Amino acid sequence: MKVRSGFTVVLVLFVLASLAYLAVSNSLQKTEIQAAQEPAATQVSVGPLLEPPLQDGTPEAERVVVAYYFHGTSRCSTCLRIEQYAREALEAGFPEEIESGTLEWYPVNVEEPQNEHFVDDYELTMRSLVLVEMEGGEQTRWKNLQRVWELVADREAFMAYVQQETGSYLGGS
């Protein structure tokens, strides 16, 4: 009798484990399918709006605001969307400032050796959008726009937040 009940327990555990495996496998497949079916709008170009980088090309007396999007080598759809929305917010809200060079945009991979210092410089704990004010070639202040993660599901709120914060930096307040 004990052998039979032991066999039943093992069989039940095997069935439960199989069901759990199938559920996890289905969930992962659905996530992969959804990621593959995301609109092309989440695919963003990673090149800067302006070149060369600020440190090499900004006139000494000029006041410039730099928007950095710090990311890693592996990028999820949310990370790509944050970059896309941030870039769109800047392009839509500040076309004259971008054209004049008062506002610059740089997506930066912090996993590349030459960019690792940014993690310490801006106290980065995750992928981040950071505004940096430069005056006379020197950094005067910076701000990590941490709410981008909270607002990424609401494009309009995200755009408004980035434009408001950037406007404050451009206005000097």
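Does GLU123 satisfy being charged (D, E, K, R) and closer than 15 Å to ALA67 by Cβ?
Numbers: charged (D, E, K, R): yes; closer than 15 Å to ALA67 by Cβ: no.
So GLU123 fails the test.
Report yes if VAL110 is assigned by TED's automatic domain parsing to the domain that holds GLN164, β-branched (Val, Ile, Thr), under 21 Å from TRP149 (Cβ atoms) and out of contact with any Asp or Glu (no Cβ under 8 Å at 6 or more places or on another chain), otherwise no.
Values: assigned by TED's automatic domain parsing to the domain that holds GLN164: yes; β-branched (Val, Ile, Thr): yes; under 21 Å from TRP149 (Cβ atoms): yes; out of contact with any Asp or Glu (no Cβ under 8 Å at 6 or more places or on another chain): no.
No; evaluated as a whole, the condition is false for this residue.
Conditions (1) of a type in the set (Lys, Arg); (2) surrounded by 10 or more Cβ atoms within 10 Å (Cβ to Cβ); (3) at pLDDT 95 or above, marked per residue:
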site	(1), (2), (3)
LEU13	no, yes, no
PRO39	no, no, no
VAL44	no, yes, no
ARG63	yes, yes, no
LEU90	no, yes, yes
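The values are calculated or read from the model by the stated rules, or taken from the named source; none is laboratory data. All of these numbers come straight from a predicted model, not from anything done at the bench. All Cβ positions, glycine included, derive from the backbone under ideal geometry; neighbour counts span all protein chains shown.
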